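S.K.: Below: one structure in structure tokens.
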Amino acid sequence: MLPRVVSFVSNFLLIGFVVSLSLPCRSDATAEKEMTLAIIKPDGLYDNYTDKIKNAISDSGFRILNERLVQLDEDAAMSFYAEHSSRSFFSDLVKYMTSGPVLIMVLEKENAVADWRTLIGPTDASKAKITHPNSIRAMCGKDLQRNCVHGSDSLQSAQREISFFFKEKSPGSGSMGHDEL
């Protein structure tokens with residue numbers, strides 16, 4: 001009799017364990033939110049895409065924590081994009097980013113960096129129109145350089161970039177580079 005009870009109890013526990021593995025796990029702890037930097041570049045502002053971009057941001061679950069409309073001077077643009085200074089497109093990039101005002105925003109949500117990168121699409125807007133037709137760059141970008149928006153490519157870049165424009169938002173940021181325009 002005792003061996004049957006032990007067998008029954010162990011089967012019962014085994015079944016309970018297997019069932020518990022297959023059920024979704026809920027946690028009342030909230031996931032940590034990230035911040036990322038978003039820039040609407042001069043072409044996005046000139047062509048009146050600001051409201052459409054901000055609607056896409058909101059519709060995608062982001063919160064805009066801070067925003068600032070600025071006219072970058074050459075020194076600021078060169079400093080912000082310093083990691084590209086040895087590349088052939090650097091002077092054109094600086095000229096482009098100083099050609100008009102830009103809207104700088106700090107966005108927040110879980111997985112903000114990756115989700116913003118997904119929402120904006122590939123760097124080359126002409127490719128984005130084909131491969132990611134619902135992306136922001138497909139909507140308002142023109143080509144590889146005039147791609148309408150900027151997005152941090154990592155948490156480290158986001159911290160550095162937020163600190164560049166909003167000193168109070170990102171203490172302790174390092175000097176990591178990013179690979180996107």
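S.K.: Restricting the search to the range 131-168, which residues are under 14 Å from Ile39 (Cα atoms), assigned to a loop (DSSP other than H, G, I, E, B) and touching an Asp or Glu at 6+ places or on another chain (Cβ under 8 Å)?
M.R.: Those that are under 14 Å from Ile39 (Cα atoms), assigned to a loop (DSSP other than H, G, I, E, B) and touching an Asp or Glu at 6+ places or on another chain (Cβ under 8 Å): Gly141, Gln145, Arg146, Asn147, Cys148, Ser152, Asp153.
S.K.: Can you confirm whether Phe89 is touching a residue at least 24 places away in the same chain (Cβ under 8 Å) and surrounded by fewer than 17 Cβ atoms within 10 Å (Cβ to Cβ)?
M.R.: Against the criterion (touching a residue at least 24 places away in the same chain (Cβ under 8 Å) and surrounded by fewer than 17 Cβ atoms within 10 Å (Cβ to Cβ)), Phe89 qualifies.
S.K.: I would also like to ask the following. What number of residues within the range 57-95 are in contact with a helix residue (DSSP H, G or I) (Cβ under 6 Å, 6 or more places away or on another chain) and of a type in the set (A, V, I, L, M)?
M.R.: 4
S.K.: OK, next. Might you let me know whether the range 144-164 holds any residue that is farther than 25 Å from Ser58 by Cα, surrounded by 18 or more Cβ atoms within 10 Å (Cβ to Cβ), at pLDDT 95 or above and of a type in the set (Val, Ile, Thr)?
M.R.: The answer is no, given that none of the residues of the range 144-164 is farther than 25 Å from Ser58 by Cα, surrounded by 18 or more Cβ atoms within 10 Å (Cβ to Cβ), at pLDDT 95 or above and of a type in the set (Val, Ile, Thr).
S.K.: Taking the range 44-78, which residues are of a type in the set (A, V, I, L, M, F, W, C) and assigned to a loop (DSSP other than H, G, I, E, B)?
M.R.: Within the range 44-78, Phe62, Leu72 qualify.
S.K.: Of the residues Ala112, Ala77, which is touching a residue at least 24 places away in the same chain (Cβ under 8 Å) and surrounded by 13 or more Cβ atoms within 10 Å (Cβ to Cβ)?
M.R.: Only one candidate qualifies: Ala112.
The values are calculated or read from the model by the stated rules, or taken from the named source; none is laboratory data. Small disclaimer: the values here were computed from a predicted structure and weren't measured. In this analysis, Cβ positions are derived from the backbone assuming ideal geometry, glycine residues included, and neighbour counts consider all displayed protein chains.
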